[in-house]
Amino acid sequence: MSKTVTLRIAEDHYDRLKAYARAENRKLSNALETLAMRQLDEELFVDAFEMEGISADKDLLNRLKTGHAQARKSKGRFVE
């Protein structure tokens, strides 16, 4: 279900966003949602190049598996 959000931004930022939406042939709300979700994807997930590096690091993979197994058994402690 869609939610309504009120957003207060500077007028020059609004003008830039409106111009972007117009250039992309989108409504402003859709352009904002698309930009926000794209940014979240970049922040939360690794790209293919980085994943390749992770997958190639056998020591890292073994340590992740060990840590995962220990966490499932509630062994060890969490460090902040």
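The values are calculated or read from the model by the stated rules, or taken from the named source; none is laboratory data. These numbers come from a predicted model, not from an experiment. So basically every Cβ, Gly included, is an ideal-geometry build from the backbone, and we count neighbours across all protein chains shown.
Quick notes on this structure:
- Boolean, S29 is under 30 Å from T6 (Cα atoms) and either within 24 Å of the chain's Cα centre (by Cα) or touching a residue at least 40 places away in the same chain (Cβ under 8 Å) (or both): yes
- Wholly enclosed helices (runs of 4 or more DSSP H) of the range 1-76 bearing at least 3 residues surrounded by 10 or more Cβ atoms within 10 Å (Cβ to Cβ) and at pLDDT below 95: 28-44, 48-56, 58-72
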